[in-house]
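I have placed the structure first, in the form of structure tokens, so that the comments after it can refer back to it.
The values are calculated or read from the model by the stated rules, or taken from the named source; none is laboratory data. All values derive from a computational prediction rather than experimental measurement. Cβ coordinates were reconstructed from backbone atoms using ideal geometry, including for glycine residues, and neighbour counts include every protein chain displayed.
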Amino acid sequence: MRRRDLLKAAPALMAPTLMAPALARAESRALRYIPNAGLSTIDPIWTTALVAGIHGYMVFDTLYGLDAMGQSQPQMCAGHEVSADGLTWTFTLRDGLMFHDGERVLAKDCAMSVRRWGSRDSFGQALMAATNEIEALDDRRFRIRLKKPFSQMLYGLGARGCFMMPERMAKIPGTEQIKEAVGSGPFRFLPDAWVSGVSAAYARFDGYVPRQEQPSFLAGGKAVNVQRVEWVVQPDAATAAAALQKGEVDWLEVPLIDLCPMLRKSPGVTVAVNDPFGWPLVLALNHVQPPFNNPKLRRALLPAIEQTQFLASVIGDQTELGRAPTGYFVEGQPMASHAGMEVLSGPRDEELAKRLIRESGYAGEKIVMLAATDRLVYNQMMQVARDLFVRLGLNVDFQPMDWGSVVTRRTSREPVGNGGWSCFITQIEGVAACTPGGSFELRGSGAKAWFGWPEDEELERLRTAWFDAPDLPAQKAVAAQVQMRALETLPCIPLGQLFQPTAFRSDIKDIVKAAFPLFWGVRRA
């Protein structure tokens with residue numbers, strides 16, 4: 001459904017007759033929440049799915065936490081010491097740390113957890129490549145000995161979901177899923193209430209001792225003010241919004257943007273943008289198969305890419321919810337750069353794009369576009385891309401499907417005639433897109449890279465140089481080079497930045513400003 005058609009239909013969609021029995025009011029102390037997707041795995045290390053990360057921050061704690069100013073602060077750690085040569089980091093745990101099964105958190109648990117995280121996370125992999133040894137010194141202290149200085153140590157431990165688990169769980173290879181969710185975080189996962197992809201529930205962990213500080217993004221005191229949090233999936237946007245209006249749920253993580261003006265007028269409902277980072281949107285391109293394995297064709301698209309048109313298909317006249325033009329790093333953060341941006345910010349010229357397409361040698365090869373019909377942001381923006389590609393004379397095969405099918409299909413490296421693909425649209429979690437180290441979509445490691453599998457030795461060299469940069473000015477200089485290189489080789493194409501509103505009952509207070517929902521600090525007035 002197009003955005004303008006949905007707006008016309010909105011009054012009917014909000015009718016209370018659409019309410020689902022599954023959203024009936026639960027016990028009064030529970031906070032009822034509709035997540036962006038169903039929880040299908042309880043292992044936030046094994047997957048990069050956002051919903052698993054939200055689950056992870058409820059159940060598990062981290063050694064450090066990124067605050068609202070972008071600085072990593074001690075969380076499970078009381079502090080750390082660094083040797084004069086920068087090669088030995090010694091971390092000391094604070095008192096009072098306990099796992100949900102009643103066992104004390106020990107340094108050996110943390111050492112093994114860092115290893116498991118480092119086997120999967122792109123930031124952690126860079127740390128592991130620079131590490132000689134991780135070992136527990138005693139019950140409260142562990143040490144990381146490096147081959148070379150790693151200036152991003154605390155950022156990695158504080159911003160990248162480096163979750164601490166009991167040693168028995170952390171010993172499970174990162175390529176395998178854990179079978180239990182026992183952490184030391186502020187909430188206990190309730191396995192008997194979990195229906196994969198449908199519902200989940202969490203109870204306050206009374207053994208958790210929060211830091212005596214105000215919460216600030218992933219840092220500070222994680223005090224829990226509700227007895228229980230219940231997740232209920234509701235894929236129909238209108239039904240979810242109606243449930244919020246009637247008070248049958250307390251928090252709707254991702255309301256349909258077109259329905260936000262109506263929700264703002266609803267008594268007892270608050271609509272707000274709590275995410276200070278926003279979501280960069282990208283067009284992912286398949287570098288392995290024709291036609292986008294041709295770098296000249298990828299670059300030929302740029303003169304015709306108008307980021308504001310892509311954003312307008314989603315936000316309409318709510319222009320405060322979008323930002324364009326934007327590059328690969330989140331605007332307002334230290335690594336943001338305008339280097340090379342003239343290719344996206346200059347005058348748009350479709351005729352030039354057509355000429356460059358002809359000069360690229362494009363011979364009419366089919367372009368399979370994957371459009372996620374149940375993710376309206378992606379679907380609406382992909383329709384803009386389809387219309388543009390058709391105007392440019394490209395041979396488009398537009399294939400609508402649900403997001404789960406896109407996730408499965410995008411793993412195929414086969415030709416388009418054998419179930420492969422050419423492009424799809426997705427969004428990158430804002431914290432990840434703040435740095436070259438976290439921006440997984442900018443990897444140039446070929447078969448080991450993100451979907452599309454770009455191979456670019458120079459991009460990889462620059463990423464390593466960023467990790468090795470000794471200070472912020474040097475890091476910013478390398479980040480500018482990364483962006484210029486990416487705008488030349490195009491691992492993916494930036495389409496602007498979206499600030500997704502969230503909606504909640506007006507008696508829900510003190511929601512922590514963050515890139516995704518956090519449940520500590522939240523209280524009912």
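Considering only residues that are surrounded by fewer than 16 Cβ atoms within 10 Å (Cβ to Cβ) and acidic (Asp, Glu), which ones fall in region 48-94?
Glu81, Asp85
Could you run through region 101-140 and say how many residues are of a type in the set (S, T, N, Q), crowded, with 23+ Cβ neighbours inside 10 Å and not in a helix (DSSP H, G or I)?
Here the count works out to 0.
Take the residues in region 341-370 that are out of contact with any helix residue (DSSP H, G or I) (no Cβ under 6 Å at 6 or more places or on another chain) and within 30 Å of Phe467 (Cα to Cα); name whichever of them is surrounded by the most Cβ atoms within 10 Å (Cβ to Cβ).
Leu344
Consider only pairs whose beta carbons are under 9 Å apart and that are at least six residues apart or on different chains; among these, list those whose first residue lies in region 333-359 and is on the phi > 0 side of the Ramachandran plot and not assigned by TED's automatic domain parsing to the domain that holds Gln71 and whose second residue is among the hydrophobic types (A, V, I, L, M, F, W, C) and assigned to a helix (DSSP H, G or I).
Once the first residue is on the phi > 0 side of the Ramachandran plot and not assigned by TED's automatic domain parsing to the domain that holds Gln71 and sits in region 333-359, its partners that are among the hydrophobic types (A, V, I, L, M, F, W, C) and assigned to a helix (DSSP H, G or I) give Gly340/Ala480; Gly340/Met484; Gly340/Ala486; Gly340/Leu487.
For Glu488, are the conditions met, namely being in the same structural domain as Val384 (by TED's automatic domain parsing), within 22 Å of Phe389 (Cβ to Cβ) and of a type in the set (Asp, Glu)?
Considered against the rule, which asks whether it is in the same structural domain as Val384 (by TED's automatic domain parsing), within 22 Å of Phe389 (Cβ to Cβ) and of a type in the set (Asp, Glu), Glu488 comes out as yes.
So, of the residues in region 168-205 that are in a loop (DSSP other than H, G, I, E, B) and of a type in the set (Lys, Arg), which turns out to be farthest from Ile42 (Cα to Cα)? Please lay out each step first, then the result.
Initially, region 168-205 is screened for residues in a loop (DSSP other than H, G, I, E, B), giving 171-186, 190, 194, 196-198, 205.
Still in the running and of a type in the set (Lys, Arg): 171, 179.
Values: Lys171: 16, Lys179: 8 Å.
Restricting to residues being in a loop (DSSP other than H, G, I, E, B) and of a type in the set (Lys, Arg), the top hit is Lys171.
For His338, which of the numbered conditions (1) surrounded by fewer than 21 Cβ atoms within 10 Å (Cβ to Cβ); (2) farther than 30 Å from Glu414 by Cβ; (3) at pLDDT 95 or above fails to hold?
With (1) surrounded by fewer than 21 Cβ atoms within 10 Å (Cβ to Cβ); (2) farther than 30 Å from Glu414 by Cβ; (3) at pLDDT 95 or above applied to His338, the lone miss is (3).
Do we find a residue being out of contact with any Asp or Glu (no Cβ under 7 Å at 6 or more places or on another chain) and of a type in the set (Gly, Ala, Ser) anywhere in region 372-380?
For region 372-380, residues out of contact with any Asp or Glu (no Cβ under 7 Å at 6 or more places or on another chain) and of a type in the set (Gly, Ala, Ser): absent.
Any idea which residue in region 502-515 is modelled with the lowest pLDDT, counting only those that are part of a loop (DSSP other than H, G, I, E, B) and surrounded by 21 or more Cβ atoms within 10 Å (Cβ to Cβ)? Break it down stepwise before answering.
From region 502-515, those part of a loop (DSSP other than H, G, I, E, B) are 506-507, 510-515; that's our starting set.
Still in the running and surrounded by 21 or more Cβ atoms within 10 Å (Cβ to Cβ): 514-515.
Values: Ala514: 92, Ala515: 87.
Of everything passing the filter in region 502-515, Ala515 is modelled with the lowest pLDDT.
Filter region 397-431 down to the residues that are of a type in the set (A, V, I, L, M) and buried (at least 19 other Cβ atoms within 10 Å of the Cβ), then identify the one that is farthest from Gly361 (Cα to Cα).
Keep residues of region 397-431 that are of a type in the set (A, V, I, L, M), which gives 401, 406-407, 416, 425, 428, 431.
Still in the running and buried (at least 19 other Cβ atoms within 10 Å of the Cβ): 406, 416, 425, 428, 431.
Details: Val406: 29, Val416: 19, Ile425: 25, Ile428: 31, Val431: 38 Å.
The selected residue is Val431.
Inside region 13-45, can you point out the residues that are in contact with a Lys or Arg (Cβ under 7 Å, 6 or more places away or on another chain), surrounded by fewer than 19 Cβ atoms within 10 Å (Cβ to Cβ) and modelled with pLDDT of 90 or more?
The answer is Ala30, and nothing else.
For region 252-340, which fully contained helices (runs of 4 or more DSSP H) count at least 1 residues that are out of contact with any Pro (no Cβ under 9 Å at 6 or more places or on another chain) and closer than 16 Å to Leu498 by Cβ? First the steps, then the outcome.
Numbers: elements: 260-264, 295-300, 307-315.
Qualifying helices (runs of 4 or more DSSP H): 307-315.
Let me confirm something: among Phe187, Phe163, which residue is of a type outside the set (Asp, Glu), out of contact with any Leu (no Cβ under 6 Å at 6 or more places or on another chain) and over 19 Å from Phe91 (Cβ atoms)?
It is Phe187.
Determine whether Leu87 is over 30 Å from Pro470 (Cα atoms) and in contact (Cβ under 8 Å) with a residue 12 or more places away in the chain. First the steps, then the outcome.
Details: over 30 Å from Pro470 (Cα atoms): no; in contact (Cβ under 8 Å) with a residue 12 or more places away in the chain: yes.
Here the answer is no, as Leu87 does not meet what is asked.
Search region 341-350 for residues being part of a helix (DSSP H, G or I) and acidic (Asp, Glu), and hand back the single one that is farthest from Asp258 (Cα to Cα). Outline the logic, then answer.
Initial filter on region 341-350 (part of a helix (DSSP H, G or I)): 342-345, 350.
Next cut, acidic (Asp, Glu) only: 342, 350.
Values: Glu342: 31, Glu350: 29 Å.
Looking at the filtered set, the residue picked out is Glu342.
Just give me the residues in region 148-167 being farther than 16 Å from Phe217 by Cα and assigned to a loop (DSSP other than H, G, I, E, B), in sequence order.
Those that are farther than 16 Å from Phe217 by Cα and assigned to a loop (DSSP other than H, G, I, E, B): Lys148, Pro149, Phe150, Ser151, Gln152, Met164, Met165, Pro166.
To keep it simple, each residue is scored yes or no on (1) in contact with a Phe, Trp or Tyr (Cβ under 7 Å, 6 or more places away or on another chain); (2) surrounded by 18 or more Cβ atoms within 10 Å (Cβ to Cβ); (3) small (Gly, Ala, Ser).
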{"residue": "Ala433", "(1), (2), (3)": "yes, yes, yes"}
{"residue": "Ser439", "(1), (2), (3)": "yes, yes, yes"}
{"residue": "Lys448", "(1), (2), (3)": "no, no, no"}
{"residue": "Gly452", "(1), (2), (3)": "no, yes, yes"}
{"residue": "Arg461", "(1), (2), (3)": "no, no, no"}
{"residue": "Trp466", "(1), (2), (3)": "no, yes, no"}
{"residue": "Asp471", "(1), (2), (3)": "no, no, no"}
{"residue": "Gln481", "(1), (2), (3)": "no, yes, no"}
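Conditions: (1) surrounded by 17 or more Cβ atoms within 10 Å (Cβ to Cβ); (2) more than 22 Å from Pro255 (Cβ to Cβ). Gln212 meets all but one. Number of the miss?
It is condition (1) that Gln212 fails.
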